[in-house]
Amino acid sequence: MSQDAAGDATSEGDLRNTGMSLRHDREWDYELERIIEEIEEKDAKKVGLQFPEGLKRRGPAVADDLRALAPDDVTFMLSGQPCYGACDLDTFLMRRTDVFVHFGHSPMKNSDKIIYVPLFSNVDPFPMMEEALEELPEDDVGLVTTAQHMNLFDDMKEWLEGEGYDVHTRKGDDRLTHEGQVLGCNYASADIDADQVLYVGGGKFHPLGLAMEHPDKKVVICDPVNNVVTVADTEKFMKQRYGAVHRAMDAEKWGVIFCTKIGQGRWEMAEKIVDENENAYLITMDEVTPDRLRNFDMDAFVNTGCPRITTDDGPQFHKPMLTPGEYEIAVGNKPLDELSFDTFHGTW
Ligand code: SF4
């Protein structure tokens, strides 16, 4: 994420003295007109604004822009809750506002009160896609990307077709908004009839999950944000997961985490574990962090909330932290070779 020039996010977005057009350094489209229209149509007096972590610093500037455009009696409130996905709406703020705007993610579930502003990346993926071709020797290729690059998905598909590929795409399930979209917890859009898949997007964790979920496919990672092309290699990741499962095999007391975030709750899964294991204790929480669990006297934890917390942050917890599938292996209900990536389906 690029830094604000000179770090003055407030003056950057404050139009009251300049009369200039609305611009931010990445030229993201915050869809201010759509938000203002909705505020006027609903005669809203309280408006909630929620930004993901990487964009929180833009919040005041966007609020400034909106304040300049909205009627004087409208109050804007910025959510201070952590936010990592569309599964993670600030429901507390949402209940207290007439219009709630969620920036940075595409809708997981629509509602009259919520405006989703997806904020697409403006990086050009095609130079890196050109480099990725070397890793894609077959005629058929699957194409997936994240919400940030979704605005160019059709162009990417067309470009690959122009290079002679038969491009396979699909919309996974109802947790996903778009054809070809993947989430850190859902790769159903890659259930396509091709042995190689091109993932276009930043970060290394999405494609690792994708490669684990589809071990029969070659997953080529084209990262136009960091300008690298790699082939997903799950070995190190698998070793880390096997290590966590092994360390949890002797555990007696289990903390079973039920996440209270709106799109991360798997109640039945959590309930089943505590029903079947008298040494398991249900712990409810919104943010699942090492600090919050440190004072619980448990031997191991199983997280039914966001799978990325378990896999990406797992080593930071003071006791082994497992996914529900890994828990089944650790307690002997399933063999070790059934270790798989934890995915999440449905909404709420
Ligand atoms: S559950 Fe985790 S991986 Fe899935 S959308 Fe939410 S934050 Fe992303």
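Throughout, read-outs are computed from the coordinates displayed, never taken from laboratory work. Everything quoted here is computed from the prediction, not taken from an experiment. Ideal geometry is used to build each Cβ from the backbone, glycine not excepted, and the neighbour counts take in all protein chains shown.
Some points to look at:
- For the chain, a Gaussian network of Cα nodes joined below 10 Å ranks Asp29, Asp154, Asp291 by mean-square fluctuation, and the top entry is Asp291.
- D_trans [Stokes-Einstein, Kirkwood Rh over alpha-carbon pairs] for segment 142-199, 37 °C, 0.692 mPa s, µm² s⁻¹: 291 µm²/s
- Across every direction, the projection of the convex hull enclosing the Cα atoms of segment 126-231 has a mean area of 5.6 nm².
- The helix-only estimate of mean residue ellipticity at 222 nm for the chain, built from DSSP H runs of length n ≥ 4 each weighted as -39500 (n - 2.57), is -8000 deg cm²/dmol after division by the residue total.
- When each of Lys46/Lys113; Lys109/Lys157; Lys272/Lys334 is checked by Cα-Cα distance, pairs over 19 Å: Lys109/Lys157
- Top of Ala270, Ala70, Ala211 by mean-square fluctuation, Gaussian network on the chain, Cα under 10 Å: Ala70
- Contact order normalised by residue count of the chain, Cα under 8 Å, 6+ apart, percent: 12 percent
- Set of lysines near Lys204 by C-alpha distance (under 17 Å), chain-local residues within fewer than 8 positions excluded: Lys217, Lys218, Lys236, Lys239
- Average Cα contact separation per residue, segment 235-338, under 8 Å, 6 or more apart, as relative contact order %: 32 percent
- Assigned charges on the beta-carbon of Lys, Arg, Asp, Glu; segment 43-135 dipole about Cα centre (debye): 720 debye
- Those GluC sites (Glu not before Pro) in segment 278-326 that DSSP places in a loop and that have at most 10 other beta carbons within 10 Å: Glu278
- Both radii are taken from the alpha-carbon atoms of the chain; with Rh as the Kirkwood radius, Rg/Rh is 1.00.
- GNM on the chain, alpha-carbon springs under 10 angstrom: the most fluctuating residue among Gln196, Gln240, Gln148 is Gln240.
- Taking 37 °C and 0.692 mPa s as conditions, segment 101-173 diffuses translationally at an estimated 234 µm²/s according to Stokes-Einstein applied to its Kirkwood radius (Cα pairs).
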